Amino acid sequence: MYSSAITRGWFSADAIAMWDDRATIKAWIEAEIALARAQGELGMIPADTHERMAAAVSVDKFDMDKMAADVSAILHPLVPFLRQFEAMCPDDVAGYLHWGITTQNIFDTGAALKLKRTHEKLVADLDHCVSVLASDARRYASTIQAGRTHGQHAVPVTFGYRLAGWALELRRQRERLVDASADALVGHFGGAAGTFGAMGGRGREVQQRASEILGLRPVRVPARSNFDGMANYMSALGVLAGLIEKMAVEIAFLQRTEIAEVHEKFEYGLVGSSTMAQKRNPARSNNIIGVCRLLKARIPILLDSLVRLNDADAATSNVADVTVPEVAVMGASLAEKLALVLSGLAVDEEKMLENFSLTNGMIMSEGIMMALAPAIGRGHAHHVLYDAVSQSLDHGQSFKTAILSHPALADRDGTLQLADLVEPQRYVREIVDWIEEQMVSLIE
């Protein structure tokens, strides 16, 4: 799906490039050279081994077609890479390649390197999304919008309040991803069973130093059967996908013809339909929704990869080798595409107010009820408003008239200041102040 002419536009080209075969080979080369450098510094192999490796080996020298054919022929995912690496090096250097480690060490460390780059992009894009949302939340802090619960008008909110909630959710999830990265962006150099057995008693030092060279942390436990750190990070991406999907669904909902409160940025040349020329679909939001669902569907597969037999289990780790790149690319793509949508969002404040007024004041029922409650009790006040709403909806009577003509309010015609009670700005005053308090620190 990442190479298809039909679907690759749904994803970030930069993120795809971070996980393609060339990026993978580059990460494996980096891991092997970092290992040799660490071992050289510790006197385990000649000190200049890593420099000579780096001078001899490059991604461009690898024959990818031959590698693919050899992997299929020998049914091993790394040995064809090692053979080509060795062939590029002088014999006295090649002999120290892959010293004391195993295939999964390079696979896992390489994945961590690629995820590190993806994580940095993801966090930067999320920061941009949060900043845009926070800025727009302040801009639309007082823009009245109908609050909707269960698809029905509820009470007044503001559009800025909605955006502020999204900004804070994304910010929290950004922090969760940063926290999760501590156990995901790690170097693995434990060897055949994760015990450093072939390292001559220097395994912990090698892992520490090689990881430092790569900008990673050493894995806390080098056991090959441990996958919890990566699974935790991937699960955090699943939560992020849920949050972003919620936002995209809301944007698509608000762009409906009957609602028309917000619109994705439209540029001449975009096409909504092959037959209906009038269509201006929320295409970017719909694509985001689709990718969110693709990502979330993969999280249970990754959780299954936590269950690994004994000290290594290719049947399970191979699943992660395929699925981690997919989820990483999707996660980074979602942050990038969301930033694009949010940066171009058009808001129709007049349409929001028009839709808010559809119930002719009934949306202010809670506020009127609470104004009556001190005098007649909250329960009785709710009953009064319930009757007034029914009278207005069932018999076509104006809501104001239905309230004032209710028997319980017969002597309050002069004291019930209905015009003030149905003023929505009065109802959202506190949340407007809250938006200012919360958003000011989130803007870049």
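The values are calculated or read from the model by the stated rules, or taken from the named source; none is laboratory data. Predicted, not measured: the structure shown is a model, and the values here were computed from it. Here the Cβ is made from the backbone with ideal geometry for all residues, glycine too, and neighbour counts use every protein chain on show. Each accessible area value is taken on the protein alone, full model and side chains, heavy atoms only, with ligands, DNA and RNA left out. Shrake-Rupley method; radii C 1.70, N 1.55, O 1.52, S 1.80 Å.
Numbers below:
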| quantity | calculated |
| --- | --- |
| Selection count, the stretch 347-367, where residues are over 13 Å from GLN145 (Cα atoms) and modelled with pLDDT of 95 or more | 0 |
| Test: residue in the stretch 71-79 that is touching a Cys at 6+ places or on another chain (Cβ under 6 Å), modelled with pLDDT of 95 or more, surrounded by fewer than 18 Cβ atoms within 10 Å (Cβ to Cβ) and closer than 20 Å to ALA23 by Cα | no |
| Given (1) modelled with pLDDT of 80 or more; (2) crowded, with 16+ Cβ neighbours inside 10 Å, index of the condition ASN281 fails | (1) |
| Top-ranked residue of the stretch 198-255 - restricted to ones that are polar (S, T, N, Q) and open to solvent by less than 40 Å² (accessible area, probe 1.4 Å), ranked as nearest to GLY110 (Cα to Cα) | SER211 |
| Scan of the stretch 142-162 for residues that are open to solvent by less than 10 Å² (accessible area, probe 1.4 Å) and among the small types (Gly, Ala, Ser), ordered by number | ALA146, GLY147, GLY160 |
| Matching residues, the stretch 284-315, being open to solvent by 30 Å² or more (accessible area, probe 1.4 Å) and part of a loop (DSSP other than H, G, I, E, B) | LEU306, VAL307, ARG308, LEU309, ASN310, ASP311, ALA312, ASP313 |
| Residue within the stretch 133-144 that is at pLDDT below 95 and touching a Gly at 6+ places or on another chain (Cβ under 7 Å) present | no |
| Some residue of the stretch 28-42 being without any contact (Cβ under 8 Å) to a residue 40 or more places away in the chain, surrounded by fewer than 19 Cβ atoms within 10 Å (Cβ to Cβ), aliphatic (A, V, I, L, M) and assigned to a helix (DSSP H, G or I) | no |
| Some residue of the stretch 170-179 being open to solvent by 20 Å² or more (accessible area, probe 1.4 Å) and in contact with a Leu (Cβ under 6 Å, 6 or more places away or on another chain) | yes |
| Which numbered condition ARG139 fails, given (1) open to solvent by 40 Å² or more (accessible area, probe 1.4 Å); (2) in contact (Cβ under 8 Å) with a residue 60 or more places away in the chain; (3) more than 30 Å from LYS26 (Cβ to Cβ); (4) not small (Gly, Ala, Ser) | (2) |
| Some residue of the stretch 319-327 being within 25 Å of ALA192 (Cβ to Cβ), of a type outside the set (D, E, K, R), open to solvent by 40 Å² or more (accessible area, probe 1.4 Å) and in a helix (DSSP H, G or I) | yes |
| Output for the stretch 288-315, where each listed residue is over 24 Å from HIS119 (Cα atoms) and β-branched (Val, Ile, Thr) | VAL307 |
| Filter result for ALA154 (modelled with pLDDT under 95 and aliphatic (A, V, I, L, M)) | yes |
| In the stretch 376-414, the residues that are surrounded by 13 or more Cβ atoms within 10 Å (Cβ to Cβ), hydrophobic (A, V, I, L, M, F, W, C) and without any contact (Cβ under 8 Å) to a residue 40 or more places away in the chain | ILE376, ALA381, VAL384, LEU385, ALA388, VAL389, LEU393, ALA402, ILE403, LEU404, ALA408, LEU409 |
| Residues (in contact with a His (Cβ under 6 Å, 6 or more places away or on another chain) and part of a loop (DSSP other than H, G, I, E, B)) located in the stretch 179-231 | VAL219 |
